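Take a look at the structure below.
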Amino acid sequence: MSVRDILQAENELTHMLGAQQPVVLSTRIRLARNLSGLPFPGWSKPAQREEVAERCLRSLVALPRFRRGHVLRMAELADLDRTVLVERHLVSKELAAGKAGAAVISRDQTCSVMVNEEDHLRIQVVKAGWHLASAWQIAEQLDDALAPRLGFAFSERLGYLTACPTNVGTGLRASAMLHLPGLCLSGHMDKVARGLGQDGLAVRGWLGEGTEAVGNVFQISNQQTLGRSEEEIRRHLAGWIKHVVEQEWNARRRLAADEGEKFVDRAARALGLLRHARLLTSAESMNMLSLLRLACDMGCLPEERRSTVDRLMIEGQPAHVQALVGAELDSDARDVRRAAAVREALRDFPEAGPPTA
Amino acid sequence: MGDSSRCSICGQPATVDLTQIDAGKFTKVHLCDACAQKGGATDPSVFKLADALAAPSAPAAIVCPACGFTDVDFRKRGRLGCPACWTVFADALGGLLSKVQHDAAHQGRAPAGSSGAAGPARVRLESARRELEAAVKAEAFETAARLRDEILRLEAVVKSS
């Protein structure tokens, strides 16, 4: 089993084409859990981390959901493979950076459990599109199945005990990945982000904490984990996501109505650039692909082309470009490969027309 | 926020620009490599926390008897050593939690097999007794008093079932 298998396998994010939605790219649930009586990974000795890894991995692989899944120990993976997993959102940058971490990933790549990240366990469920309820249900099942086997550190007063005070309580981070070109192009994104921030939601870039928003993609998640129940946290997030999606559609429709030919011109130029460029940086390709995705959503391009755009967004990330070639490449060589892959994929795209949505 | 070419903390040449969105305000911080590493600047939520905690620099006064973690370690790292640290540092954490969280009391799920009436009370009683022991050892008397009350209440629940 290798990271290459994960890249090539049919999976939730690149193959659930029916689940694709114009604005919400994916929904994620994350639960932080720790084994009672053992130091957190950042403060434990190698033997203790090994004990945690042993116990957790043994319990995880016994669960039906991880049957024929992948067990990956970070120490055994090449740098490039670890980065691919980060770009796929299957493991965090923190887990990939350390040697003590491991991850168990379900065959369909919907569930990934990180072991020895900041906490002993980070249970993650990702669904393509907006599926908060079903993602939560799966996470809850995994939590219930693991709790009796592993014995989680829990206090009635503080809930699930975590290494960082920002995760204690429910240990729940519920988030959605949104594509918001309308709000960005119309200059309203800052205002929306401020509103979200004021009401306890964090807005981050494509790869989560500490990353810039490229391609107009934002991750919105709850900040607080203690003092509200899991259901309240989900309801609060869901209310805001619905609102932001509405704002995004309003912004798009206003742009399409007000800009007329300029709206089509933007999509046409993005398509022209992507179809002819010989060098494409990952930021430029993300930003241009974002405009193509908007064009598909708005009917300037056929909607069924959106899946190609989404695949290129994922496969255009630096480690993906290298993994797909099967060799390490420097940044210039990556830009050449990326441009070639994009040109090939967009070769038979039709010309952009006026919006119909 | 100040000269963007200098670290906001130590004045060394800055290599990292961090933008935080906090309570609707955008704050830009410039950091040198060393301070960015120290503060965990790749993780904004942690950086804010480390920042808030960095102010008082007294010698270690509280040590977790379970894992040896001290209050100085916490100020440095912004993370705790082990689950028992939550009891040992309860008094110090109370103020922080009220700043970064909704409320200081957990609402929500409990581990499977532990919710219900007397069963969980018995389980909790055991852990509360252990926590009390750690709190007394660490001289966290406010916490110890709270735990003593909780233990009395739990003993009544267990007895009555």
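The values are calculated or read from the model by the stated rules, or taken from the named source; none is laboratory data. Fair warning: this is a prediction, and the values are worked out from it, not measured in the lab. Cβ placement follows ideal geometry from the backbone for every residue including glycine, while neighbour counts extend to all protein chains displayed. Heavy atoms of the whole protein, side chains included, go into the accessibility calculation; ligands, DNA and RNA do not. Shrake-Rupley method; radii C 1.70, N 1.55, O 1.52, S 1.80 Å.
Comparing A:HIS131, A:HIS243, A:HIS120 in a Gaussian network model of chain A where C-alpha atoms under 10 Å apart are linked, the largest mean-square fluctuation is found at A:HIS243. For chain A, the longest principal axis of the C-alpha atoms and the axis of helix A:306-315 are separated by about 60°. A convex hull fitted to the Cα coordinates of the stretch A:175-259 yields 81 cubic angstrom per residue.
Each residue of the stretch A:93-99 was assigned a 3J(HN,Hα) from its phi angle through the Karplus curve 6.51 cos²θ - 1.76 cosθ + 1.60 (θ = phi - 60°); the sequence is 4, 4, 5, 5, 6, x, 9 Hz, with glycine and proline shown as x.
Who wins for biggest fluctuation among A:GLN322, A:GLN141, A:GLN224 in a Gaussian network model of chain A, springs between alpha carbons below 10 Å? Judging by the Gaussian network model, the answer is A:GLN141.
Taken per residue, the accessible surface of the stretch A:260-345 reaches 42 Å², heavy atoms only and a 1.4 Å probe.
Which percent of the accessible area of the stretch B:58-108 is formed by carbon and sulfur heavy atoms (probe 1.4 angstrom)? Show your work: numbers first, answer last.
Details: 1160 of 2100 Å².
The C+S portion of the solvent-accessible surface of the stretch B:58-108 is 55 percent.
Expressed as a whole percent, the accessible area of the stretch A:175-259 that falls on carbon and sulfur atoms is 44 (1.4 Å probe).
Pairing chain B with chain A buries about 4100 Å² of accessible area. This figure sums both sides and uses a 1.4 Å probe. Residues of the stretch A:33-47 whose accessible area (probe 1.4 Å, heavy atoms of protein chains only) drops by at least 30 Å² once all protein chains are present, relative to their chain alone: A:PHE40, A:TRP43.
Sequentially through the stretch A:172-178, phi angles give Karplus couplings (6.51, -1.76, 1.60; θ = phi - 60°) of 9, 10, 9, 8, 10, 9, 10 Hz, Gly and Pro residues having no value and appearing as x. Annotation: per residue accessible area for the stretch A:175-259 equals 39 Å², rounded to a whole number [probe 1.4 Å, protein chains only].
Around B:ALA90, what is the net charge, scoring Lys/Arg as +1 and Asp/Glu as -1 over all other residues with Cβ under 14 Å from its Cβ? Each step should come with its number before you reach the end.
On the way: positive: A:ARG157, B:ARG130, B:LYS137, B:ARG146, B:ARG148; negative: A:GLU156, B:ASP71, B:ASP91, B:GLU131, B:GLU133, B:GLU139, B:GLU142, B:ASP149, B:GLU150.
Charge balance in the 14 Å sphere: -4.
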